[in-house]
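Following: one structure in structure tokens, then a few remarks.
The values are calculated or read from the model by the stated rules, or taken from the named source; none is laboratory data. Computed from a predicted structure; not experimentally measured. Quick reminder, even Gly has a Cβ in these numbers, built from the backbone with ideal geometry, and neighbours come from all protein chains shown.
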Amino acid sequence: MKRYIIPVVPALVLLFACSTLVNAQTKPEASVKFSGEVVRPLIIGASGLQRAERVTVDRKDRDGQVHHYTGVLLSDLLARAGTTMGKELRGENLTKYVLVEASDGYQIIFTLAELDPDFTDEKIILSDQMDSKPLPLADGPFRIIVQNDKKPARCIKQVTSIKVGFAQ
């Protein structure tokens, strides 16, 4: 019977290379893609959202319990993507809409004026936290929270894309 002796250093290099390959195959960071009628298409993940100016809004769930959602104003993210906002939001630009889509295909629509702080005091955020913790798996990693809607139908869960378009 032959014995093979593997030198220690090459064995450690092989072990490191294998663990690096396994780590390289880990799941990429979840993100939301901003596209359509934007100057700078944007893909933002959890780390990018954490670096942006954060706000907290309160929202009741279906059972009437109040939760504190933290995230970034959707208007700020749209402005970052180069969407028409502020004093430029007039005339035909008022026919622009924002289509938000979830991982399961559920979609909701806002007009740009509903999101623009020059038009409204309503706070609509892209949230990644509820009650100072990451969103529950069934809701996140990203969720739109509309602070004052009477029904939660536009508080879309598992957001994957946000597209700006023109009404036909």
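Checking the stated criteria, Asp58 turns out not to satisfy the condition of being in a strand (DSSP E or B), touching a Gly at 6+ places or on another chain (Cβ under 6 Å) and acidic (Asp, Glu). Residue count for segment 69-98, restricted to those that are under 15 Å from the mean Cα position of the chain (by Cα) and more than 22 Å from Val55 (Cα to Cα): 0. Can you say whether Gln129 is at pLDDT below 95, of a type outside the set (Ser, Thr, Tyr) and within 19 Å of Gln158 (Cα to Cα), as far as the supplied structure shows? Judged against the criteria, Gln129 is not a match. The set of residues in segment 73-95 being at pLDDT 95 or above and touching a Ser or Thr at 6+ places or on another chain (Cβ under 7 Å) is empty. The residue that is modelled with the lowest pLDDT, counting only those in segment 137-168 that are under 26 Å from Pro41 (Cα atoms), of a type in the set (A, V, I, L, M, F, W, C) and in a loop (DSSP other than H, G, I, E, B), is Ala167. Summed over segment 98-129, residues that are crowded, with 18+ Cβ neighbours inside 10 Å and assigned to a strand (DSSP E or B) total 10. If you go through segment 61-97 and keep only what is acidic (Asp, Glu), free of Cβ contacts under 8 Å to residues at least 40 places away in the same chain and assigned to a loop (DSSP other than H, G, I, E, B), you end up with just Asp63. Of Ile124, Ile144, all but one fail to be closer than 15 Å to Ile162 by Cα, free of Cβ contacts under 8 Å to residues at least 60 places away in the same chain and in contact with a strand residue (DSSP E or B) (Cβ under 8 Å, 6 or more places away or on another chain); the exception is Ile124.
Name the residues in segment 36-88 that are surrounded by 14 or more Cβ atoms within 10 Å (Cβ to Cβ), among the aliphatic types (A, V, I, L, M) and over 16 Å from Glu114 (Cα atoms), would you? Listed by number, the residues that qualify are Val38, Leu42, Ile44, Ala46, Leu49, Ala52, Val55, Val57, Ala81.
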